Amino acid sequence: MKLIAPVLADDELLADIAAGADADDGRVRLWWLGQAGFLVQWHRHHLLIDPYLSNSLTTKYADTDTPHVRLTARAVDPHRLGMIEVVTSSHNHTDHLDHETLGPLRDANPTLAMVIPEANRAFVAERLRTDPAWPVGLTDGASTQLGPWRLTGLAVAHEQLETDDAGRHRHLGYVVEVGPFTLFHSGDAVPYVGMVERLIALLGGRPLHVAVLPINGRVPARRVPGNFWGDEAATFAHAVGARLVVPMHYDMFAFNTETPARFEETARALGQPHRVLRGGERLEITPTTESEDRP
Ligand SMILES: [Zn+2]
């Protein structure tokens, strides 16, 4: 099978990221690095959300009945992402917490900070073979400030709202505030009763410039926890008043993907501004982003 080529990859992607940093124009730029992975840039600052930049799952499941056949080529070698200040993991699944990505990323960024659900601290330390004290742990509704990045956790259900014995959630979406911008990346999630209201409360009246949500849905035969369907993602974005919604978590593994058609159809019907990115593609956000991305 021929892999989908990212719009920007390797040298071209790195040049585009560098050009954005040089432009230093106060816009937020996001690059979709595949699956749930997004690189976010503001001025010369860089945040990396849920990167999966290896073949570890394809290797791990090669001879099983759930082979993880990759659909899109890797955007970039994590060794080459030497500009990252903060990396996040939304939960413990390998496409969101990959030792073969995070090891090289740490080598490339000796002062890297990592944000995780506090409930996952021991698991993260074990998988990454790191000092358990290193990651910054968040709980539902708690925030941390790392450089210009303010991150707040929102409990999400994948597919259940799961907690540890202390009641701390194992799956978090993150509200990211930087400069005048507010973004939301849900990680892997399905809608639950009260989720819209929880997010609106965390936003505290600030505009939500971009919501990034999965669209691959829930199919029991896949035998992995599911996510929002595309129509649910568009509806959720509309309900929380997102100025723009971007779909994610498809085109990575052949057994667990979906087209954005259902997402686009619903977004269009709702008048919800949306943008479907291709792998490796850049999205630019200005403080007034809305009209330029309106369908
Ligand atoms: Zn996932």
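The values are calculated or read from the model by the stated rules, or taken from the named source; none is laboratory data. This is a predicted model, so every value here is computed, not measured. As a convention, Cβ positions derive from the backbone with ideal geometry for all residues, glycine included, and neighbour counts pool all protein chains shown.
Here are a few things to note about the model shown:
- Within the set Thr152, Thr182, Thr163, the sole residue that is more than 17 Å from Asp50 (Cα to Cα) and buried (at least 17 other Cβ atoms within 10 Å of the Cβ) turns out to be Thr182.
- Residue pairs whose Cβ atoms lie under 6 Å apart, sitting 6 or more positions apart in sequence or on different chains, and linking a residue in segment 78-94 that is more than 13 Å from Pro135 (Cα to Cα) and away from the ligand (no atom under 16 Å from the Cβ) to a partner that is outside any loop (DSSP other than H, G, I, E, B) and of a type in the set (S, T, N, Q), are Pro78/Thr101.
- Flag if Tyr61 is closer than 18 Å to Asp188 by Cβ, out of contact with any strand residue (DSSP E or B) (no Cβ under 7 Å at 6 or more places or on another chain) and among the hydroxyl-bearing types (Ser, Thr, Tyr): yes
- The set of residues in segment 164-179 that are assigned to a loop (DSSP other than H, G, I, E, B) and in contact (Cβ under 8 Å) with a residue 40 or more places away in the chain comprises Asp164, Ala166, Arg168, Arg170, His171, Gly179.
- Inter-residue pairs, beta-carbon under 9 Å, first on the phi > 0 side of the Ramachandran plot and in segment 109-135, second at pLDDT 95 or above and of a type outside the set (Gly, Ala, Ser), 6+ apart: Arg129/His99
- Residue within segment 83-94 that is of a type in the set (Ser, Thr, Tyr), closer than 27 Å to Gly20 by Cβ and over 13 Å from the mean Cα position of the chain (by Cα) present: no
- Members of segment 1-26 found to be closer than 27 Å to His68 by Cα, without any contact (Cβ under 8 Å) to a residue 60 or more places away in the chain and part of a loop (DSSP other than H, G, I, E, B), listed by number: Lys2
- In segment 180-196, the residues that are closer than 15 Å to Ile285 by Cα never reach a residue that is within 16 Å of the ligand (Cβ to nearest atom) and at pLDDT below 95 with C-beta atoms less than 8 angstrom apart, at least six apart or across chains.
- Screening Glu162, Glu126, Glu177, Glu118 for residues that are among the acidic types (Asp, Glu) and within 16 Å of the ligand (Cβ to nearest atom) leaves exactly one candidate, Glu162.
- Screening segment 28-131 for helices (runs of 4 or more DSSP H) wholly inside it with 3 or more residues that are of a type in the set (S, T, N, Q) returns the ranges 56-60.
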